[in-house]
Amino acid sequence: MDIEVRPIASEEYESFVRTTVAAFGGTYHPEELERERIEFEPGLSIAAFESRVPVGTAAGITFDLTVPGGFLPALAVTGVGVLPTHRSRGVLTALMRRQLDDAREAGTPLATLWSSEGPIYPRFGYGLASLHAALDVDTRHTAYSVPFTMRGRMRLLSEEEALKSFPDVYERVRDRQPGFLSRPAEWWSHRFFIPERQRQGYGDYFFALYEGDGPEGYVLYRTKHDWPDGLPGGTLDVEELVAATDQAYAALWRYCFDHDLMAKVTAELRPSFEPLLHLMQDPRRLRMRLADALWVRPVDVRTALEGRRYRSAGRLLLDVRDQFCRWNEGRFELEASGEGAFCRPTTSMPDLTLGATELGALYLGGTPAWALVRAGRISEERAGAAEEADSMFGWTPPPWCPHRF
Ligand SMILES: CC(C)(COP(=O)(O)OP(=O)(O)OC[C@H]1O[C@@H](n2cnc3c(N)ncnc32)[C@H](O)[C@@H]1OP(=O)(O)O)[C@@H](O)C(=O)NCCC(=O)NCCS
């Protein structure tokens, strides 16, 4: 079987999408083709062709990813799929090879993705960098543990108004929240669209804004009504709740919990450090479940390590193993101070030996090195080095990515 991997031409876009959909065992919806183009960046959507027919796909979009203390360009990987007729023949491996070679050549220091299944990407150097939480709350048990007074006001907006107000709030939070991605203007309308087949009994989105000293937070939500025995038993599903202030955070959740006719509030893609755990009198009522969220791959280890800030000053010697991207292999001396970080090759004995996958897991400051040592994924060559790594790499707030791509 001869397979050619290359970027697709724009006239190949439809067969590219059809291939991805078929790989997932989904149904192709031609009416969504144009809308989906937002995840198509010319040159970054690549396919594996057999006799000019696409049998595997991988798309990429470049974003600025918030990293601890700053931003770095990152390739957001999406649309990865290989037809069921061509599985286990190395097609995905060939796509990953091309994608990471191209990212390196373009000078993109990081790649990131959400994975359909956990075991797929670690072999390509992607490490589990952040978690997300799902909540399912009975609205009768949502008393707060501290007194709460609504100081500002809640306002329901039209979609047009939300398109103007939400991005400002998002930008304020994005500045210091590792795991947030830059959102171009057209991306917001994409975010507000619900395909008919994904409605599952829910209505249109509502757009609610909290205003204190100006817009401070928003919630994008929808509701589903239910009347068991004639009693109100609806569900309010939070699609995205972003708050730039503590007051906005408490007010937005209170607004959701106190909504008339809703017996339940559900949410996914919430941060693993959700402050609601401490705001609620009975945190168990959140029924919180954790799962993997962003996977991060350092494409260029030195640029990535120098491109973020560190919580404390320090010096670490890292022996990095990277079988898939050999250019990253070697020993590095990482020196961090208040001014920034320097990373240079060294021949000294390492403090930690770790793979690119583990470095990706540590990178956003949410995965502790000691846990990776305990799991047998990082080798601690000098006693105490993992603890030092944690005081350098750990970050507040821990990473959170509020949308799948
Ligand atoms: C996941 C998928 C892309 C793999 O494609 P593929 O061309 O069969 O993968 P490769 O042949 O290059 O396999 C590379 C390695 O990954 C392993 N692998 C592939 N899919 C895997 C999976 N779902 N779980 C665990 N391991 C997997 C293979 O066993 C192989 O390992 P080996 O070299 O040790 O044998 C393909 O099965 C698919 O399209 N699945 C449905 C859509 C999907 O989930 N896409 C991912 C979206 S994030």
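The values are calculated or read from the model by the stated rules, or taken from the named source; none is laboratory data. Remember, predicted model here, so these are calculated numbers, not experimental data. All Cβ positions, even for glycine, are placed from backbone atoms using ideal geometry, and neighbour counts span all protein chains on display.
Brief remarks follow.
- Residues (assigned to a loop (DSSP other than H, G, I, E, B) and buried (at least 23 other Cβ atoms within 10 Å of the Cβ)) located in the stretch 282-308: 293, 294, 299, 307, 308
- Residue check for residue 90: outside the structural domain of residue 371 (by TED's automatic domain parsing), touching a helix residue (DSSP H, G or I) at 6+ places or on another chain (Cβ under 7 Å) and at positive phi: no
- Residue that is more than 30 Å from residue 307 (Cβ to Cβ), crowded, with 19+ Cβ neighbours inside 10 Å and not basic (Lys, Arg), where the choices are 23, 9: 23
- Taken as a whole, the condition of being in the same structural domain as residue 332 (by TED's automatic domain parsing) and surrounded by fewer than 18 Cβ atoms within 10 Å (Cβ to Cβ) applies to residue 311.
- Pairs, first under 16 Å from residue 342 (Cα atoms) in the stretch 307-331, second hydroxyl-bearing (Ser, Thr, Tyr) and part of a strand (DSSP E or B), C-beta under 6 Å, six or more apart: 313/337; 319/353
- Some residue of the stretch 57-71 being modelled with pLDDT of 95 or more, surrounded by 13 or more Cβ atoms within 10 Å (Cβ to Cβ), aromatic (Phe, Trp, Tyr) and within 16 Å of the ligand (Cβ to nearest atom): no
- Options 32, 39, 4, 14: the member that is touching a residue at least 24 places away in the same chain (Cβ under 8 Å), over 12 Å from residue 95 (Cβ atoms) and surrounded by fewer than 18 Cβ atoms within 10 Å (Cβ to Cβ): 32
- Residue pairs whose Cβ atoms lie under 9 Å apart, sitting 6 or more positions apart in sequence or on different chains, and linking a residue in the stretch 107-123 that is closer than 20 Å to residue 23 by Cα to a partner that is near the ligand (Cβ under 7 Å from one of its atoms) and assigned to a loop (DSSP other than H, G, I, E, B), are 116/24; 121/115.
- Subset of the stretch 386-403 (residues that are part of a loop (DSSP other than H, G, I, E, B) and of a type in the set (Gly, Ala, Ser)): 394
- All of (1) more than 29 Å from residue 360 (Cα to Cα); (2) buried (at least 22 other Cβ atoms within 10 Å of the Cβ) hold for residue 103 with one exception: (1).
- Test: residue in the stretch 53-67 that is part of a loop (DSSP other than H, G, I, E, B) and touching a residue at least 24 places away in the same chain (Cβ under 8 Å): no
- Residue 351 being in contact (Cβ under 8 Å) with a residue 12 or more places away in the chain and more than 26 Å from the chain's Cα centre (by Cα): yes
- If you go through the stretch 77-113 and keep only what is of a type outside the set (Val, Ile, Thr), under 22 Å from the mean Cα position of the chain (by Cα), more than 6 Å from the ligand (Cβ to nearest atom) and within 16 Å of residue 26 (Cβ to Cβ), you end up with just 79.
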